[in-house]
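The values are calculated or read from the model by the stated rules, or taken from the named source; none is laboratory data. All values reported here derive from a predicted model rather than from experimental measurement. Cβ coordinates were reconstructed from backbone atoms using ideal geometry, including for glycine residues, and neighbour counts include every protein chain displayed. Heavy atoms of the whole protein, side chains included, go into the accessibility calculation; ligands, DNA and RNA do not. Shrake-Rupley method; radii C 1.70, N 1.55, O 1.52, S 1.80 Å.
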Amino acid sequence: MTLDEARQLDASDPLAFARERFSLPEGVIYLDGNSLGALPKAAPAALAEAAERQWGEDLISSWNKHEWIDWPTTIAAKLSPVVGAKPNQLLIADSTSVCLFKLLAAAVRARPGRGTIVTQQANFPTDLYVAQGLADMLGLEVKAVPSGQVSGALDDDTAVVMLTHVDYRSAAVHDMRAINDAAHAAGALAVWDLSHSAGAIELDLDGSGCDLAVGCGYKYLNGGPGSPAFIYVADGLQGELANPLQGWMGHAEPFAFVDDYRPNQGIVRFLTGTPSILAMAALEAGLGTFDGIAMGDVQAKSRKLSRLFVDEVEARCGSEVRLASPRDPAQRGSHIVFAHAEGYAVMQALIARGVIGDFRAPNLMRFGFTPLYTRYPDVVRAAEILTEILEAREWDQPRFRARAKVT
Ligand SMILES: Cc1ncc(COP(=O)(O)O)c(C=O)c1O
């Protein structure tokens, strides 16, 4: 595809207007919104409002005056159309890892007598580490099986199935409905990590029979570096599940200051300590980038962008790179990985040319397509630059081989 043809696709793109909601540097093609979403234009003012006016002028009265105390649920409600869940089932809290621990522990406790957490081999490391730590603590077993064998691995000892919906490396997507059904048929609960799904593809948590889920705020939700995470607990389970990290913010009456814990009746019971207000101000601006956006349009554009990138790269680079994501766009999330033996150096050379993706060991170059701000010409240009770098072996320089702490 020529750049002109790509510009025509932009002209008929129903989401083209949304790019205006972001501050992106001139001349940069940002293909890493799956790692850190771009800065929403509204975020700096939202941060200044929360810091300078609310914190600076209204001080502690802001907990009531600006309803900070309710932000974990009121901001979570903005996520409702993005993930297809009733708002009373969503909460902003902690980090993805901590939320995962809370929900996994709560789920295990709700299935007494069952000793196994089933998950997928090569799941995102934090998911595996959280499960392993919990299993060590409670004397459980973590059974990690190949991705296609999860349903077949469930039995009457399975307490919980824990999966990442969109694989962080390959972008392969699990059939959420089928796994939930299989978990329920085995008498188990399912916990989903939606870090690479929320804001990227169309989700219907309520309609897919989901029990529990967590997800990142700082990727496709554009909440900023280290943004708090979100929790989903189906309303039918909220009374039954207990928060393993009991704290005063999850108490039915935090300001009664009584000695004994009595959980809040709703999703708020999954709070622990004081919410991070400044970080939530940024996350609210991030969620605001989805105002008036239909997730069906997001998913459709995601598939078109990633398909275009695969076609352009394969047509230009031939066998120098190998697609390591599912070829069918319906079988993947919103990023693509290409394998190359020198993937790290190639990615650094791309970044030096203004095409920002990232690298995942051992050899994967990862390119994220964020339908709210990635344009079709960006995709074509990124493929062109990748081709130039490979043809000229531009990556073959010591400065591109030196590994940084964050890849
Ligand atoms: C699938 C998945 N889960 C969790 C995380 C990160 O967890 P946390 O937000 O606790 O650092 C990531 C980060 O990339 C991820 O890809």
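Distance from the Cα centroid of the range 180-234 to that of the range 357-380 is 22 Å (rounded to whole angstrom). Amide hydrogen proximity for S325: with H placed 1.01 Å from N in the peptide plane, the residues at 5 or more positions away or on another chain lying under 5 Å are V337.
Label the range 198-338 by shape, choosing from rounded, prolate and oblate, from the square roots a ≥ b ≥ c of the eigenvalues of the Cα gyration tensor; if a/c is under 1.5 it is rounded, and otherwise prolate applies when a/b is larger than b/c, oblate when it is not. Because a/c hits 1.5 or more and a/b exceeds b/c, the range 198-338 counts as prolate. In the chain, the sites counted are GluC sites (Glu not before Pro) in DSSP loop states with at most 15 other Cβ atoms within 10 Å, and the longest stretch holding none of them, exclusive of the sites, is 68-239. Subtracting the Cα-Cα distance of R111 and R403 from their residue separation scaled by 0.36 nm leaves 100.7 nm.
Looking at the chain alone, DSSP beta bridges between its own residues are antiparallel in about 55 percent of cases.
Only protein atoms count toward the accessible area here, which uses a 1.4 Å probe; on the range 44-288, the carbon and sulfur part of that area reaches 55 percent. If you plug the beta carbon distance of R53 and F255 into 1/(1 + (r/R0)^6) with R0 = 22 Å, you get a FRET efficiency near 0.35. Per residue, the solvent-accessible area of the range 271-407 (1.4 Å probe, heavy atoms of protein chains only, all protein chains present) comes to 38 Å². When all alpha carbon pairs of the range 89-234 are counted in 5 Å bins from zero, the resulting P(r) reads 2, 11, 22, 25, 23, 12, 5, 1, 0 %. Tell me the relative contact order for the range 44-288 as a rounded percent, counting alpha carbon contacts under 8 Å between residues six or more apart. Relative contact order here is 24 percent. Listed by chain and number, the aspartates and glutamates placed with their C-alpha closer than 13 angstrom to that of K405 are D358; residues fewer than eight positions away on the same chain are left out.
Backbone N atoms of the range 318-346 closer than 17 Å to the 7 Å Cα→Cβ label point of L24 belong to residues 334-336. In the context of the full set of protein chains, the range 51-133 has a per residue accessible area of 44 Å² (1.4 Å probe). Remark: C-alpha extents of the range 156-223 on the principal axes read 39, 24, 18 Å, sorted largest to smallest. Calculated mean residue ellipticity at 222 nm for the chain: -10000 deg cm²/dmol, from DSSP H runs with n ≥ 4 weighted as -39500 (n - 2.57), summed, divided by the residue count and rounded to 500. Taking Cα atoms only, the orientation of helix 125-138 departs from the longest principal axis of the chain by about 30 degrees. Ellipsoid fit via the Cα gyration tensor, the range 1-127: semi-axes of 34, 28, 14 Å, each the root of five times an eigenvalue, largest first. Hydrodynamic analysis of the range 149-269 uses the Kirkwood radius over alpha carbon pairs. Inserted into Stokes-Einstein at 37 °C and 0.692 mPa s, it gives a translational diffusion coefficient of 206 µm²/s. In this simple spin-label model, placing a label point 7 Å from the Cα along the Cα-to-Cβ direction at both T74 and A341 gives a separation of 5.8 nm.
Restricting the calculation to alpha carbons of the chain gives Rg and Dmax of 21.8, 70 angstrom.
One chain, two ends: R7 and E240. Fully extended at 0.36 nm per residue, the span grows by 78.6 nm beyond their Cα-Cα distance.
Counting lysine pairs in the range 44-288 whose alpha carbons fall under 23 angstrom apart, excluding pairs fewer than 8 residues apart on the same chain, gives 8.
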